[in-house]
1. Determine which single condition Gly82 fails, assuming it passes every other condition in (1) on the phi > 0 side of the Ramachandran plot; (2) in contact (Cβ under 8 Å) with a residue 60 or more places away in the chain; (3) not hydroxyl-bearing (Ser, Thr, Tyr).
2. Being among the β-branched types (Val, Ile, Thr) and under 18 Å from Ala123 (Cα atoms) narrows it down to one of Val191, Val176, so name that one.
3. Just the residues that are buried (at least 21 other Cβ atoms within 10 Å of the Cβ) and closer than 13 Å to Val151 by Cβ, please, taken from the stretch 66-93.
4. Inspect all residues belonging to the stretch 33-46 and state whether any of them is under 23 Å from Val185 (Cβ atoms) and surrounded by fewer than 19 Cβ atoms within 10 Å (Cβ to Cβ).
5. Being at pLDDT 95 or above and either surrounded by 20 or more Cβ atoms within 10 Å (Cβ to Cβ) or farther than 23 Å from Trp74 by Cβ (or both) is the requirement here; does Asp127 meet it?
6. Can you name every residue in the stretch 104-124 that is assigned to a helix (DSSP H, G or I) and either open to solvent by 10 Å² or more (accessible area, probe 1.4 Å) or not small (Gly, Ala, Ser) (or both)?
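The values are calculated or read from the model by the stated rules, or taken from the named source; none is laboratory data. This structure is a prediction, so every number in the text was calculated from the model and none was measured. Cβ sites come from the backbone with ideal geometry, for glycine too, and all protein chains shown count toward neighbours. With ligands, DNA and RNA removed, areas are computed over all heavy atoms of the protein, side chains included. Shrake-Rupley method; radii C 1.70, N 1.55, O 1.52, S 1.80 Å.
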Amino acid sequence: MKRLVAPALFALLLAIASPSAQEAPAFDTSYRVSPSVSARVQRAFLTEIRWSQSAALRDSLAASFAEKSPLDRWQELVARDGLTTGNVADALTSFWVLSWITANAAYGIKIDNAPIRRQLEQAFASDAAFATLTDQQRQEMAEGYILQFLVQHAALNAAVERKDIAALNQLSAAAVLTFREEMGVDLLGLVPGPEGFQPKTPASTR
């Protein structure tokens, strides 16, 4: 499934480099949830999995989604981080943090999601095009990230449990490539902190 990628994310490095983003007013990235849009996003996602991965994985995910809504699964996983459904910044925060952990093999690190969410919120606020998106388009964007989060979360947990180094390296490379190609962000060159993700410095790598 081709996800909508907000043009604001290509300006994200500007937000990363600007601590003043943490002092900016809150920007609303919420949307009204439509069950029909959720169903359509899930069908498109499963179709993509069928062709990019395998029919077996598609069938396994479809059965899992039928057992419990993927939005409910995601909410259970991220509620402790203060993230909720119906919000683009929340959805992307979860996916970005998980992808950074995956890329950097930082499995035991606890990351504060709040500064990163604010950082993304201000990145969206800086993009005039994002303000023109309909609720449907915001939902398609957010739920695309949520579905990718769920698949990556399951794969990462399974690989960590098995201590499967080859699988972990493959997941890391995929996360790096996705963010580099789709968002112009180098996950290996960032480190989380009180102002969100910031470029690594010699001090931060010690």
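1. Gly82 satisfies every listed condition except (2).
2. Val191
3. Listed by number, the list holds a single entry, Trp74.
4. The answer is no, given that none of the residues of the stretch 33-46 is under 23 Å from Val185 (Cβ atoms) and surrounded by fewer than 19 Cβ atoms within 10 Å (Cβ to Cβ).
5. It is false that Asp127 is at pLDDT 95 or above and either surrounded by 20 or more Cβ atoms within 10 Å (Cβ to Cβ) or farther than 23 Å from Trp74 by Cβ (or both).
6. Within the stretch 104-124, the first condition is being assigned to a helix (DSSP H, G or I), and the residues that meet it are 104, 113-124.
Listed by number, the residues that qualify are Asn104, Asn113, Ala114, Pro115, Ile116, Arg117, Arg118, Gln119, Leu120, Glu121, Gln122, Phe124.
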